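Let me begin by presenting the structure, written as structure tokens, before commenting on it.
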Number of protein chains: 12
Amino acid sequence: MSHTYRVTEIVGSSTESVDDAIRSGISRASKTLRNLDWFEVGAVRGHIENGRIAHYQVGLKVGFRLEETDSGTGDLPG
Amino acid sequence: MSHTYRVTEIVGSSTESVDDAIRSGISRASKTLRNLDWFEVGAVRGHIENGRIAHYQVGLKVGFRLEETDSGTGDLPG
Amino acid sequence: MSHTYRVTEIVGSSTESVDDAIRSGISRASKTLRNLDWFEVGAVRGHIENGRIAHYQVGLKVGFRLEETDSGTGDLPG
Amino acid sequence: MSHTYRVTEIVGSSTESVDDAIRSGISRASKTLRNLDWFEVGAVRGHIENGRIAHYQVGLKVGFRLEETDSGTGDLPG
Amino acid sequence: MSHTYRVTEIVGSSTESVDDAIRSGISRASKTLRNLDWFEVGAVRGHIENGRIAHYQVGLKVGFRLEETDSGTGDLPG
Amino acid sequence: MSHTYRVTEIVGSSTESVDDAIRSGISRASKTLRNLDWFEVGAVRGHIENGRIAHYQVGLKVGFRLEETDSGTGDLPG
Amino acid sequence: MSHTYRVTEIVGSSTESVDDAIRSGISRASKTLRNLDWFEVGAVRGHIENGRIAHYQVGLKVGFRLEETDSGTGDLPG
Amino acid sequence: MSHTYRVTEIVGSSTESVDDAIRSGISRASKTLRNLDWFEVGAVRGHIENGRIAHYQVGLKVGFRLEETDSGTGDLPG
Amino acid sequence: MSHTYRVTEIVGSSTESVDDAIRSGISRASKTLRNLDWFEVGAVRGHIENGRIAHYQVGLKVGFRLEETDSGTGDLPG
Amino acid sequence: MSHTYRVTEIVGSSTESVDDAIRSGISRASKTLRNLDWFEVGAVRGHIENGRIAHYQVGLKVGFRLEETDSGTGDLPG
Amino acid sequence: MSHTYRVTEIVGSSTESVDDAIRSGISRASKTLRNLDWFEVGAVRGHIENGRIAHYQVGLKVGFRLEETDSGTGDLPG
Amino acid sequence: MSHTYRVTEIVGSSTESVDDAIRSGISRASKTLRNLDWFEVGAVRGHIENGRIAHYQVGLKVGFRLEETDSGTGDLPG
């Protein structure tokens, strides 16, 4: 049997660290997407205020398994 | 507090110019997505008919802030 | 008139071949997305069990035309 | 039936704008190539003289359909 | 002695499979180019009609050895 | 004789268009750098406010010829 | 507990097809490497003789789990 | 009004962690550059001594807003 | 005198963090390879279970100096 | 006035060195193409026989200015 | 203790060879920058006049260690 | 019959030139690997001491044909 996966792209952010931005993004995604399976880190960026890092922003591709009956409920917008 | 952003990929098109294809794509996305925040231009392509450019097609990644309560309404399909 | 397209990213899989994984992914996407127009193959990966390929996984970007009235029904989740 | 396309690479230039350099390149290519079908924009560069942009140079890949009988007439050199 | 090779870019297409699109493109190129030596696969794309793959399009770079006396006959256009 | 060139990276912005953001960045650079010679466009991004493009931001690499006697005056910071 | 994986790069070849070149490379690797876990396809190339594809060559990264006690036996050379 | 930004490339290092190397680099840059606005992480490398990580080195692009009157004071060398 | 270095590719994993996955991979490699000199981080991925990150996987290229007499002992498999 | 340039891709080879392969390729191209203007080096490869480099192969993109009246004479094949 | 490095981008040129263009660029940079530590070669290009290479241009990233007290003297412009 | 090739990554170095670093790396690899077939140049880097190039370091992928009976002798470590 052949599963199909869907890949969605998000940006997690954190005032603390790169790892925390990753966890924050995954945590938010898991609130509205079922069957989250894997992630891959993309661009790591951040903003600086007054010479200090104000927050980290980490691009993430998140993959999850589509169920045969999925049809648009429980979605992230976009 | 840590916002999470969603990145969606679209292709805007125009018979006029690259800039117009960008604006057209953003305009269409804004009809059904809230909190659009930024975009990034990807591939710029187009079709040629009778030796002239028939239309421009511009790949765009569009980012928008997820609200804590977003759960799949007001979405672009896909 | 300027159409806007939406690009969604999926991973098709198959125990048989690369081509079958492509077809499987497109077939699944077509169940819930209207106006599928084109695809582009990304990463081609797979898993190995007992020294043999257990299944192929093919990343696919799938483009489809947005209708003026699309607003979030008939969507793939995510 | 399976068409084959040929992709040729050119650089269009203009003293006016990026869009004008694209149009200029396509226009020149259409003088000697039949069946131009699509283009894709590559590197966008330019030269500066006296602190102002002297001209824009836009790399373009241009695709056109090969006819079954094409054999080297009506070609761009190179 | 130092040979020089020429690299030309084509797009082979097929309604059947990726492999068939590769073979189709090489076959077409061999009708008008001598001394074809190697190929490399680039982008693999395709079009979808009614939820099924209508045709595959495979970008190919094709290399062939230039003879010392080659001067523009037997060419692919462009 | 062998010239050496220096490449500096800037981001030009504009509320109007991509071309205007390019011109704006080059214009600013030319105020404090001598011998500007060429530019290359990198990432094209922008911000969206209320569903409309608020400004375009275009990454630019700008090259200029170093004079034998250059030693740090008339510089862009950084 | 944290596993470490090793990634080795091979090129599988076949006179038949891309898929066959993938299977051929994995099959050869499995003769001397334990615990093969996944693969990823890289460059797809081939040689042409007399206007026909003589053989396909497919670059593959192959990953396998290192056992705690692995120390250099059962290795592919290089 | 159109701001212009300058992007400078640095490598931050740390004996502790990737995050610490990022912070260390930003901190050093903020000593001599005004208006630091954002950063982007590039290559993450490090050196190993006696089988342990001796230090992490993180490539960073750092962007800052140019003031209209900037003319080369308060600069990082190079 | 000219040293030659060898680059081997591994994937370190951890249930804790990206940094811990890097350290774990380097630590494992140092058990069987002499003269480890540097590393470079590649893809950062991970798996998700029940909406939480189950483990991080970090691709690493690890370089080490070849001794003149190295001939295949003390090797990582593959 | 806006010139258009054509970019052709060749592979120069040499038994001696990388530089000699570049010169050899440019020299061959100049025999049949007018108005050669610039080149850019791509992949640098080579073959090994009996543990020694048998020849170097250097991919080159070569640009030349199209004359308004060019129509397919004096061409490299392909 | 954590050093920070600065990376500056230059283009060295030479009428003789690629290696000479590298050396020429490094030599020029060392006249005004202290503590040069490493370089990395980027794009290798050149200009052609009358069918022969008129000069080579080699893009270089040059890294150097920032001293704690560096504040903008002895700089390359830009 | 289908050969399988193995690709190993090394870094050759030289105090003299880029070409010499390539030859040095290939020469070292040929001492312990049989059937070396081809190489491809990757990153070209180097170190600078007292404003002069102290040594060049050239990344190389080296391919060689696996014999049916290869099982881990005559290997480069790693």
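Structure summary
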item: Farthest positive-ward along the stretch K:5-65 dipole, Cα basis, beta-carbon charges - from K:Ser24, K:Gly63, K:Gly12; result: K:Gly63
item: Alpha-carbon centroid distance for the pair the stretch H:22-42 / the stretch G:40-61, whole angstrom; result: 46 Å
item: Space enclosed by the convex hull of the alpha-carbon atoms of the stretch L:5-65, per residue, Å³; result: 64 Å³
item: Cβ nearest the rotation axis (F onto E), residue from chain F and distance to the nearest whole Å; result: F:Ala43, 12
item: Shielding by other protein chains, E:11-17, mean Cβ within 10 Å; result: 5
item: Cβ-Cβ FRET estimate between F:Glu40 and G:Lys31, R0 fixed at 51 Å, reported to 0.05; result: 0.55
item: Shape category assigned to the protein assembly as shown from the gyration tensor of Cα positions, a/c cut at 1.5; result: rounded
item: FRET E, pair L:Ala54, E:Glu67, Förster distance 41 Å, beta-carbon r, rounded to 0.05; result: 0.35
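All of the numbers you see were taken from the coordinates with simple rules; none came from a lab. Model, not experiment: these values are computed from the prediction. Note that each Cβ is placed from the backbone with ideal geometry, even for glycine, and that neighbours are counted across all protein chains shown.
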